[in-house]
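Trainee: To start, I am sharing the structure in question, which I have written as C-alpha cells.
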Amino acid sequence: MKFPKRAIVTTISCGCGYKANDEKYIGKAFNRVLNVVDVAKGKEQLRLDLGSHPRGIIIDKKSEKAYIAVMGAGRIAVLNLRNLQLSWINHVGSGPRHLCLDPIYNRYLYVTLNNESNIAKIDLTTNKVIKKVRSGKHPRSMVISDNGAVLYTVNYSDDNISKITTADMHVREKISTKHHPIGITYDAQQNEI
C-alpha cells in the first residue's frame, strides 16, 4: 500500500501539563489540535489549535479543502490544502461531530449535530445551513450513498439508524440497533450499510 504525501489528523493532549495560551489544564484530556504531517519526511508541517474537540475530518474530491467538525465550537474549520490557510463555516449548530460530502458535486456538506440531535445540510457555495432534520438522539457517525441521495446516521442514545433523503432532508426510516451504536459504513457494491 502506498502512503499519501500528507496526513491530516486531530490529536488528544492529556490534561496534566498541557498548556494552551499560558493556561494549564489538569485532570481532563482536551482534544484541540489539528496536525498536518508530511508523511514522506515524517515531519509536522502545521499545527493548529482549533478549539475544543475537533472530530470528523473529510477532504473534498479535488483534494483542495479539508473540513473539520469542531464539536466544542459549533462550527466547521476549513483548511485550504494548497496554502494551508484556515477559514470557518460558522453557526452550524450545537456539537458538530461527523461530516459527509455530496459525492457527486461536493456542493453540500452534511454534519451530525450531536448536542441538538439534528443533521444539518450546508450549501458550500454560501457556507450556510440550508436545512436541518432531527435524526434521533445524539447522532454520531453517518455515511452517504454513492449517488448522494441517502444519508444513514447512527443515533447513539436512541439505539437506531436513521435513513434520510438528502434532497428534502426527511427521515424515511428508522432501524433498531444494539445499545449505543457509534460507527457505520456503506458497501457500494452490495448497496448495504
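Trainee: Quick one: in the range 108-155, which of the residues that are closer than 13 Å to residue 182 by Cβ and free of Cβ contacts under 8 Å to residues at least 40 places away in the same chain is most open to solvent (accessible area, probe 1.4 Å)?
Mentor: Top of the filtered list is 138.
Trainee: Can you pull out every residue in the range 42-53 that is at pLDDT 80 or above and either among the aromatic types (Phe, Trp, Tyr) or farther than 17 Å from residue 84 by Cα (or both)?
Mentor: Hits for the range 42-53 are 51, 52, 53.
Trainee: Out of (1) assigned to a loop (DSSP other than H, G, I, E, B); (2) in contact with an Asp or Glu (Cβ under 9 Å, 6 or more places away or on another chain); (3) over 22 Å from residue 59 (Cα atoms); (4) at pLDDT 95 or above, what's the single condition that is false for residue 163?
Mentor: That leaves (1) as the condition not met.
Trainee: Now for a different question. Among the residues of the range 79-104, which ones are touching a residue at least 40 places away in the same chain (Cβ under 8 Å) and more than 16 Å from residue 141 (Cβ to Cβ)?
Mentor: 79, 81, 84, 102, 103, 104
Trainee: Name the one entry in 89, 57 that is modelled with pLDDT of 85 or more and open to solvent by 30 Å² or more (accessible area, probe 1.4 Å).
Mentor: Of the residues listed, the single one that is modelled with pLDDT of 85 or more and open to solvent by 30 Å² or more (accessible area, probe 1.4 Å) is 57.
Trainee: Can you tell me which residue is least open to solvent (accessible area, probe 1.4 Å) among those in the range 156-177 that are over 17 Å from residue 109 (Cα atoms) and charged (D, E, K, R)?
Mentor: Among those residues, the one meeting the criterion is 159.
Conditions tested, residue by residue: (1) at positive phi; (2) under 14 Å from the mean Cα position of the chain (by Cα).
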{"residue": "100", "(1), (2)": "no, yes"}
{"residue": "104", "(1), (2)": "no, no"}
{"residue": "112", "(1), (2)": "no, yes"}
{"residue": "124", "(1), (2)": "no, no"}
{"residue": "137", "(1), (2)": "no, no"}
{"residue": "145", "(1), (2)": "no, no"}
{"residue": "148", "(1), (2)": "yes, no"}
{"residue": "165", "(1), (2)": "no, no"}
{"residue": "181", "(1), (2)": "no, no"}
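The values are calculated or read from the model by the stated rules, or taken from the named source; none is laboratory data. For clarity, every value in this text was computed on a predicted model and none was experimentally measured. As a convention, Cβ positions derive from the backbone with ideal geometry for all residues, glycine included, and neighbour counts pool all protein chains shown. For the accessible areas, the whole protein counts, side chains as well, though only heavy atoms, and no ligand, DNA or RNA atoms are used. Shrake-Rupley method; radii C 1.70, N 1.55, O 1.52, S 1.80 Å.
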